[in-house]
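The structure appears right after this line, and notes come after that.
The values are calculated or read from the model by the stated rules, or taken from the named source; none is laboratory data. Quick caveat, the model's predicted, so the values are computed rather than measured. Backbone-built Cβ (ideal geometry, glycine too); neighbour counts: all protein chains shown.
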């Protein structure tokens with residue numbers, strides 16, 4: 001493919017479900033979470049070998065620290081934190097300034113676990129080709145390994161194209177389901193929505209018409225764009241809801257790699273090795289376990305004793321301790337909601 005490819009890594013969030021390791025001043029993309037010393041952001045940027053240029057989109061509070069984790073990437077500072085929709089639109093706009101020629105943009109969250117970088121890069125290159133040749137918005141779908149309720153799902157339609165240009169039409173997006181619906185989705189052959197996308201700027205502009213993001217796009221496409229004014233004109237909204245669920249021309253490219261979203265503490269149980277009792281220990285944790293099994297323990301150095309407990313996440317960072325059943329790990333965001341209300345996050 002002759003068109004340049006720009007990888008956009010999203011690194012503006014904080015990661016509320018990974019509290020207390022993630023805090024308002026210590027976002028999850030700067031954490032290593034037990035997979036060596038490299039941060040999630042560093043590992044994500046290392047997987048962008050398919051691209052000609054890499055941009056890291058973040059908020060102003062984190063911008064100065066980005067070069068420590070991604071020294072060769074260009075930093076794009078969002079005018080305001082308003083969820084993935086405005087962030088991605090703005091980063092796509094900036095991607096055209098980063099290369100010579102009209103690029104294909106591949107959008108990557110900074111908090112994914114991908115053990116096979118080569119397979120990942122091949123899939124991204126294939127998706128970029130589909131985006132360039134078809135003019136569609138491309139979503140990358142992951143084949144489910146379980147009926148997960150923490151992910152959205154993608155329903156694929158008619159197969160199109162051949163070889164490296166093959167894809168399926170995107171029939172529908174489905175929001176995070178309950179357990180029964182998740183099982184039905186898996187049985188029906190739906191994909192997980194990995195939150196990874198590819199498109200040309202032209203295609204994204206086309207598909208944002210009559211969406212909540214249209215005022216921002218109109219401002220950025222004007223003769224004298226004012227990004228601050230554009231962000232002021234829109235409300236916080238995800239790219240899924242604002243654009244992908246409404247897109248008339250969208251495609252699904254299946255992911256040819258193992259994948260997990262490191263968005264909550266129970267994810268470590270799936271991606272890290274456990275001890276003989278099934279406990280996963282990460283960070284600088286010093287753990288004493290007595291008749292305790294299948295727990296996740298993470299800390300920045302605190303001694304943690306487990307006695308007669310199972311299936312818990314026990315997390316100790318700074319002066320904060322979190323204890324939550326693994327099955328309820330998504331509910332950590334409820335705690336953070338209360339902490340934010342009291343300005344204590």
Within the range 286-303, which residues are surrounded by fewer than 19 Cβ atoms within 10 Å (Cβ to Cβ) and closer than 19 Å to residue 22 by Cβ? 300, 301
Can you find a residue that is under 20 Å from the mean Cα position of the chain (by Cα) and within 23 Å of residue 138 (Cβ to Cβ) anywhere in the range 267-284? no
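Please determine whether any residue of the range 206-218 is in contact with a strand residue (DSSP E or B) (Cβ under 7 Å, 6 or more places away or on another chain) and within 25 Å of residue 91 (Cβ to Cβ). Quick ask: steps written out before the conclusion?
Applying the first criterion (in contact with a strand residue (DSSP E or B) (Cβ under 7 Å, 6 or more places away or on another chain)) to the range 206-218 yields 207.
Keeping just the survivors that are within 25 Å of residue 91 (Cβ to Cβ) gives 207.
Yes, there is a match, as at least one residue in the range 206-218 is in contact with a strand residue (DSSP E or B) (Cβ under 7 Å, 6 or more places away or on another chain) and within 25 Å of residue 91 (Cβ to Cβ).
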Would you point out the residue of the range 321-336, among those that are in contact (Cβ under 8 Å) with a residue 60 or more places away in the chain and in a helix (DSSP H, G or I), that is nearest to residue 269 (Cα to Cα)? 326
When you scan the range 201-221, how many residues do you find that are in a loop (DSSP other than H, G, I, E, B), surrounded by fewer than 16 Cβ atoms within 10 Å (Cβ to Cβ) and within 24 Å of the chain's Cα centre (by Cα)? 0
With the condition kept exactly as written, say whether any residue in the range 84-98 is assigned to a loop (DSSP other than H, G, I, E, B), over 15 Å from the mean Cα position of the chain (by Cα) and in contact (Cβ under 8 Å) with a residue 40 or more places away in the chain. no
Note: among 243, 280, just one is closer than 30 Å to residue 114 by Cα, touching a helix residue (DSSP H, G or I) at 6+ places or on another chain (Cβ under 9 Å) and outside the structural domain of residue 171 (by TED's automatic domain parsing), namely 280
Could you pull out the residue among 143, 169 that is farther than 21 Å from residue 239 by Cβ, in contact (Cβ under 8 Å) with a residue 40 or more places away in the chain and surrounded by fewer than 20 Cβ atoms within 10 Å (Cβ to Cβ)? 143
Every residue in the range 32-56 that is assigned to a loop (DSSP other than H, G, I, E, B) and crowded, with 21+ Cβ neighbours inside 10 Å, please. 33, 39, 47, 48, 51
For the range 174-203, how many residues are more than 18 Å from residue 128 (Cβ to Cβ) and in contact with a strand residue (DSSP E or B) (Cβ under 6 Å, 6 or more places away or on another chain)? 6
Only one of (1) in contact with a strand residue (DSSP E or B) (Cβ under 7 Å, 6 or more places away or on another chain); (2) farther than 21 Å from residue 99 by Cα fails for residue 56. Which number is that? (2)
Output for the range 146-163, where each listed residue is on the phi < 0 side of the Ramachandran plot and surrounded by 13 or more Cβ atoms within 10 Å (Cβ to Cβ): 147, 148, 149, 150, 151, 152, 153, 154, 155, 156, 157, 160
Residue satisfying condition, being out of contact with any strand residue (DSSP E or B) (no Cβ under 9 Å at 6 or more places or on another chain) and either part of a helix (DSSP H, G or I) or not assigned by TED's automatic domain parsing to the domain that holds residue 82 (or both), within set 228, 224: 228
Of the residues 338, 333, 320, which is loosely packed, with under 13 Cβ neighbours inside 10 Å and either outside the structural domain of residue 47 (by TED's automatic domain parsing) or under 25 Å from the mean Cα position of the chain (by Cα) (or both)? 338
